[in-house]
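Following: one structure in structure tokens, then a few remarks.
The values are calculated or read from the model by the stated rules, or taken from the named source; none is laboratory data. Just so we're clear, the structure is a prediction, and the values are computed from it rather than from any experiment. Methodologically, a virtual Cβ is constructed for each residue, glycine included, from the backbone with ideal geometry; neighbour enumeration extends over all protein chains shown.
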Amino acid sequence: MKNKFIAGNWKMNKTIADTKQFINELIPLVAGANNRVALCVPFTDLATAVELAKGTNIAIGAQNVHWAESGAFTGEISVNMLKELGVEYVVIGHSERRQYFGETDATVLKRTLAALAGGLKPIVCVGETLAEREGGLMEEVLKRQTLEGLAQVSAEQMADVVIAYEPVWAIGTGKTATNQEANDAIGYIRGILAQKYGDEVAQNVFIQYGGSMNEKNAADLLSMPQIDGGLIGGASLVPEKFQAIVKAK
Ligand code: PEP
């Protein structure tokens, strides 16, 4: 069985001072953990986070990246800028970026291809809204987001891709998908990947669940066979809660 991959998404939270305190507290709490651990932090915290996490089992990720190498894209950050800092992962296509910042499947694809070409590992987020789920459109949405967001990604590149299934209705709401709902949706995404890339690639790709995962429900969610880990928002802001998810059994 694969180890799990637990990644925190701090969203727009924590200053550099907060980051120092958090990571210094977290390092001993997760040292020796079997699961893979990452923290995806705001751009301003990246340098500090990378420095503090050096030589530990905590990887650092960003929360967005632009597809161009450089140029007139005010407010954006390039792959090379993140690589130079020592960043390993980047969240792409989070539902908050789709909802508030005009992210589309087409821009998810551009960012993902650029990240992979430059040696960053993308955590590509997909997930249906409540209206889509209730309208019977969940599978259609997941299929479209997965296939379009990864359209020109090769089978070899899939070794560096992580997918996060995050039903929009469960993010930051305290409403979690049931273990079965999360498992079924991830199984569906894996099936789509199997059709495109074959069974081996589909089995090997890490597909996380995200949406109000916390220290209380993590063990049950992570015990499901399709769920390879978690992308954690709110509960990643408190070291004790985050470490309990990392160590959940
Ligand atoms: C997220 O931001 O990706 C997320 C899943 O948030 P939360 O855990 O707070 O629902």
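Quick one: in the range 156-186, of everything that is touching a Ser or Thr at 6+ places or on another chain (Cβ under 8 Å) and closer than 14 Å to Pro122 by Cα, which residue is farthest from the ligand (Cβ to nearest atom)?
Per the criteria, the residue is Val161.
I'd like the full set of residues that are in a helix (DSSP H, G or I), more than 10 Å from the ligand (Cβ to nearest atom) and surrounded by fewer than 24 Cβ atoms within 10 Å (Cβ to Cβ), limited to the range 222-249.
Correct list: Leu222, Pro239, Glu240, Lys241, Gln243, Ala244.
What number of residues in the range 64-101 are in contact with a helix residue (DSSP H, G or I) (Cβ under 7 Å, 6 or more places away or on another chain) and within 16 Å of the ligand (Cβ to nearest atom)?
Residues that pass the stated criteria total 5.
Quick one: would you say Ala117 is more than 16 Å from the ligand (Cβ to nearest atom) and more than 25 Å from Gly172 (Cβ to Cβ)?
Considered against the rule, which asks whether it is more than 16 Å from the ligand (Cβ to nearest atom) and more than 25 Å from Gly172 (Cβ to Cβ), Ala117 comes out as yes.
What pairs come out if I take residues in the range 195-218 that are over 24 Å from Ala151 (Cβ atoms) and pair them with residues that are within 12 Å of the ligand (Cβ to nearest atom) and among the acidic types (Asp, Glu) whose C-beta lies under 7 Å away, six or more apart or interchain?
Filtered contacts from the range 195-218: Gly211/Glu166.
Taking the condition in a helix (DSSP H, G or I) and either in contact with a strand residue (DSSP E or B) (Cβ under 6 Å, 6 or more places away or on another chain) or more than 16 Å from Lys2 (Cα to Cα) (or both), does Gln203 pass?
Against the criterion (in a helix (DSSP H, G or I) and either in contact with a strand residue (DSSP E or B) (Cβ under 6 Å, 6 or more places away or on another chain) or more than 16 Å from Lys2 (Cα to Cα) (or both)), Gln203 does not qualify.
Of the residues that sit in the range 187-215 and are closer than 20 Å to Ser95 by Cα and among the polar types (S, T, N, Q), which one is farthest from the ligand (Cβ to nearest atom)?
It comes out as Gln208.
Among the residues that make up the range 144-155, is at least one of them within 16 Å of the ligand (Cβ to nearest atom), more than 23 Å from Glu88 (Cβ to Cβ) and assigned to a loop (DSSP other than H, G, I, E, B)?
No: the range 144-155 contains no residue that is within 16 Å of the ligand (Cβ to nearest atom), more than 23 Å from Glu88 (Cβ to Cβ) and assigned to a loop (DSSP other than H, G, I, E, B).
From the list Glu69, Glu51, exactly one residue is among the charged types (D, E, K, R) and assigned to a helix (DSSP H, G or I). Which is it?
Checking each option against the conditions leaves just Glu51.
Mind telling me which of the residues Gly102, Gly61 ends up being surrounded by fewer than 17 Cβ atoms within 10 Å (Cβ to Cβ) and either modelled with pLDDT of 95 or more or not in a helix (DSSP H, G or I) (or both)?
Gly102
Name every residue in the range 25-41 that is more than 16 Å from the ligand (Cβ to nearest atom), touching a residue at least 40 places away in the same chain (Cβ under 8 Å) and in contact with a strand residue (DSSP E or B) (Cβ under 9 Å, 6 or more places away or on another chain), in order of residue number.
Once the filter is applied, which keeps residues that are more than 16 Å from the ligand (Cβ to nearest atom), touching a residue at least 40 places away in the same chain (Cβ under 8 Å) and in contact with a strand residue (DSSP E or B) (Cβ under 9 Å, 6 or more places away or on another chain), the range 25-41 yields Leu26, Val30, Ala33, Asn35, Arg36.
Go through Glu88, Glu96, Glu76 for me and flag whichever is in contact (Cβ under 8 Å) with a residue 60 or more places away in the chain and within 21 Å of Val41 (Cα to Cα).
Matching residue, one of Glu88, Glu96, Glu76: Glu96.
Could you tell me which of the residues Lys2, Lys14 is surrounded by fewer than 16 Cβ atoms within 10 Å (Cβ to Cβ) and touching a residue at least 60 places away in the same chain (Cβ under 8 Å)?
Just a single option satisfies the conditions, and that option is Lys2.
Taking the options Lys83, Lys110, name whichever one is outside any loop (DSSP other than H, G, I, E, B), within 30 Å of Lys2 (Cα to Cα) and without any contact (Cβ under 8 Å) to a residue 40 or more places away in the chain.
Only one candidate qualifies: Lys83.
Since Leu221 meets every condition but one in (1) at pLDDT below 95; (2) within 20 Å of Ala38 (Cβ to Cβ); (3) among the aliphatic types (A, V, I, L, M), which condition does it not meet?
Of (1) at pLDDT below 95; (2) within 20 Å of Ala38 (Cβ to Cβ); (3) among the aliphatic types (A, V, I, L, M), only one is false for Leu221: (1).
Counting only residues that are farther than 13 Å from Ile58 by Cα and within 16 Å of the ligand (Cβ to nearest atom), how many does the range 8-24 have?
6
Considering the range 1-34 alone, what residues qualify as being at pLDDT 95 or above, over 20 Å from the mean Cα position of the chain (by Cα) and assigned to a loop (DSSP other than H, G, I, E, B)?
Passing the criteria: Thr15, Ala31.
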